[in-house]
Amino acid sequence: MKKYRPTTASRRHMTTRSYKKVVTKSTPHKKLTKGGKRAVGRNSAGRITSRHMGGGHKRKYRAVDFKLDKKNIPAKVETIEYDPNRSAYIALLCYADGERRYILAYKGMKTGGTFIAAEDAKPTVGVRMPMREIPIGLEIHNIETKPGAGAKLARSAGSAAMIIAQDGTHTHLKMPSSEVRKVNSNGWATIGTVSNEEHQLITLGKAGRSRWLGKRPTVRGNAMNPVDHPHGGGEGRQGRGHRRARSIFGKPTGKGHKTRKPNKYSDSLIVTRRKVGKRRK
């Protein structure tokens, strides 16, 4: 992490990533980028459908390959790059047949290294293979929930799931949330941890930096009027008037309230529910 001298109040606690130690190229591969509008929390009528979103710096989208369907073809790591659309770093691969693709960079990935997705490969860090072939106890990321559907789980910076059991057609994974769930063992995953594990230690330092990222302010409910929030209203500072805290929509929030839908399709795949609170592991 990079820290700054406290020349201003906002600089005092501000921290950023040390890009020079990891990133090897500042401009993306043009053929794998595109522009376009980003979601800003509004629908086609201009009404807010997701709060706290809007503005932010213009971004180029990097086409990251999550299907990773080029099997048994070795690739060389050309660059490690910053991606404004995700918390992890990305890597530009050049396959043996000349094609270039972006993938999520894993922890310890360096330029000049190799990457391969193969069923009979040796299970080492950075190799992609079916989960049924990966030994118990290894950490994996970029996990498919359905074979061939593309990676869905463990894609954010520093995250990884651990294989704790092989049970017939399913593999038991301990997720970053501490939940234990079953996943089809024919799905593919990459061994290792996603890069940029220090992402959660970043301190923005000032409100303006949040606005650059497209995050609009969050206002306390008890600072609003009754028409805007269940906690609003009253002369001066008031209590919320309810036993439990509520969201702007009147639903319970925090304090261990479960928000998961009952009878969800994936209930049968969950072995152990995630632990809620500070001590999750």
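Things worth noting here:
- Among residues of region 252-264, those that are within 24 Å of ARG220 (Cβ to Cβ) and at pLDDT 90 or above, counted: 0
- The number of residues in region 1-22 being assigned to a loop (DSSP other than H, G, I, E, B) and surrounded by 14 or more Cβ atoms within 10 Å (Cβ to Cβ) comes to 4.
- Selection from region 65-83 of residues that are in a loop (DSSP other than H, G, I, E, B) and more than 13 Å from ASN196 (Cβ to Cβ): ASP65, PHE66, LYS67, LEU68, ASP69, LYS70, LYS71, ASN72, ILE73, PRO74
- Test: THR171 is hydroxyl-bearing (Ser, Thr, Tyr) and farther than 23 Å from GLY108 by Cα: yes
- ALA45 touching a Pro at 6+ places or on another chain (Cβ under 6 Å) and over 26 Å from GLU197 (Cβ atoms): no
- Looking only at region 228-260, residues that are among the β-branched types (Val, Ile, Thr) and closer than 29 Å to GLY56 by Cα come to 2 in all.
- Boolean, TYR106 is of a type in the set (Ser, Thr, Tyr), crowded, with 21+ Cβ neighbours inside 10 Å and within 22 Å of HIS29 (Cα to Cα): yes
- Cβ-Cβ under 9 Å pairs, at least 6 apart or on other chains, region 253-281 side loosely packed, with under 10 Cβ neighbours inside 10 Å and outside any loop (DSSP other than H, G, I, E, B), far side of a type in the set (Ser, Thr, Tyr) and at pLDDT below 75: none
- Among (1) more than 24 Å from LYS71 (Cβ to Cβ); (2) in a loop (DSSP other than H, G, I, E, B), the one test that ASN186 misses: (1)
- Residue in region 141-154 that is under 14 Å from ALA189 (Cβ atoms), under 16 Å from the mean Cα position of the chain (by Cα) and among the acidic types (Asp, Glu) present: yes
- Restricting attention to region 104-151, the residues that are under 15 Å from LEU173 (Cα atoms) and either assigned to a loop (DSSP other than H, G, I, E, B) or in contact (Cβ under 8 Å) with a residue 40 or more places away in the chain (or both) total 17.
- Residues of region 152-171 satisfying the condition of being in a loop (DSSP other than H, G, I, E, B) and farther than 27 Å from GLN200 by Cβ: GLY168, THR169
- Among the residues of region 53-85, the one identified as in contact with a strand residue (DSSP E or B) (Cβ under 6 Å, 6 or more places away or on another chain) and at positive phi is LEU68.
- Residue satisfying all of: in region 32-48; assigned to a loop (DSSP other than H, G, I, E, B) and either among the basic types (Lys, Arg) or in contact with an Asp or Glu (Cβ under 9 Å, 6 or more places away or on another chain) (or both); surrounded by the most Cβ atoms within 10 Å (Cβ to Cβ) among these: ARG38
- Listed conditions (1) in contact with a His (Cβ under 9 Å, 6 or more places away or on another chain); (2) over 30 Å from LYS58 (Cβ atoms); (3) crowded, with 16+ Cβ neighbours inside 10 Å; (4) not polar (S, T, N, Q) are all met by GLY158, apart from (2).
- A single member of LYS25, LYS37 is under 12 Å from ILE90 (Cβ atoms) and either modelled with pLDDT under 95 or not hydrophobic (A, V, I, L, M, F, W, C) (or both), and it is LYS25.
- Residues in region 56-75 that are within 26 Å of PRO147 (Cα to Cα) and small (Gly, Ala, Ser) were compared, and the one that is farthest from the chain's Cα centre (by Cα) is ALA75.
- If the condition is being small (Gly, Ala, Ser), modelled with pLDDT of 95 or more and out of contact with any Gly (no Cβ under 9 Å at 6 or more places or on another chain), then region 159-198 contributes SER159, ALA161, ALA165, ALA189.
- Residue, nearest to SER18 (Cα to Cα), within region 193-212, restricted to residues that are among the aliphatic types (A, V, I, L, M) and surrounded by 13 or more Cβ atoms within 10 Å (Cβ to Cβ): ILE202
The values are calculated or read from the model by the stated rules, or taken from the named source; none is laboratory data. What you see is a predicted model; the values in this text were computed from it and never measured. Glycine also receives a Cβ, built like all others from the backbone with ideal geometry; neighbour counts cover every protein chain displayed.
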